[in-house]
Structure formats: structure tokens, C-alpha cells
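Just below is one structure, and these are the notes that go with it.
The values are calculated or read from the model by the stated rules, or taken from the named source; none is laboratory data. Everything numeric here is computed off the predicted structure, so don't read it as measured data. When we count neighbours, we look across all protein chains shown, and the Cβ atoms used for this are built from the backbone with ideal geometry, even at glycine.
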Amino acid sequence: MTPKQKEYHERLYKKVHMTPMYRTIYKNDRDLYESFLVNAYGVKSSKQLSIGELENLIDYLNGKTKTTIQNPKGRPVAPGMATPAQISKIETMWGLYARDKTDDALKNFVKRQTGDYHLHLKNLTREQATGIILAIEKMFGSGGGAA
């Protein structure tokens, strides 16, 4: 970063901490705020965010945008929802190991694991996605098996 970019980054960082929503969340539950940052951006502190991510976070905290926050890969992720990395891992593992590699077979597997039918993997929570990854690893851990 250039000196001007570093200065701008610092101003944005301070601006985040002046938003009413940040003060309310951070004051009441610091862990919730850190969880929010990890889910949305993959970092534990807003100091680690890029300039673009800080601008997006400020807009979100000020209620200027109702869209989900952009994660580092640029795909929308609502806090608490499965990350693109989790979704990619599920799809990759299923494609590698499942006998029936169709989307319908994967959806049925997800339904058996979660108890809910999900049209898209992006609708899974982080916990559900983690559970599915673990289930696939357990089923196909040796690199083979049936689905």
C-alpha cells in the first residue's frame, strides 16, 4: 500500500468503529462481532480488511446496503451461512467420490444429513456445511465407497 492508501485505510478503520451498529454490537457481544467478521470476510479484526472491504463494511453497518457482505472471493455470504470454500469442498468431494454424481443425489444426501431440502448449497448454515463435509469424509475417507 502507498502512504496515501495506508492513511485512507486508517481513516476507514476508524470510521467503522464510529458507526452506531458497531458500537452496539461490540459493546454487547464482542465475540458476535468477531464471528460476523470471520463469517463475512474470513478475518477476526476489521484492521485486516482491504480498503474495498472496509468501505463495504461501513455501508453495511450504516444500513446503506441491505445486500450481503462480500467475502474475500467476491461471492455474497450472509453471516452464519456456508462459505464459498465449504460449498466448493462439498461439490469437489462429491464429484470425486460419489457413485451418483448428480445434483439431485447431492441434494438428497444433504437432506438426509440436515433434515431439510436445500435447492442450493449456499442456503446451508456454516454448521450444516461442516457436518456435510465431515459426513462425506467419513463415508469416503478411504477414497472409495457408495452414495
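A compact table of results
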| quantity | calculated |
| --- | --- |
| Selected residue (criterion: surrounded by the fewest Cβ atoms within 10 Å (Cβ to Cβ)) from residues of the stretch 1-59 that are out of contact with any Phe, Trp or Tyr (no Cβ under 7 Å at 6 or more places or on another chain) and among the β-branched types (Val, Ile, Thr) | 2 |
| Scan of the stretch 30-56 for residues that are of a type in the set (Gly, Ala, Ser), modelled with pLDDT under 80 and part of a helix (DSSP H, G or I), ordered by number | 35, 40 |
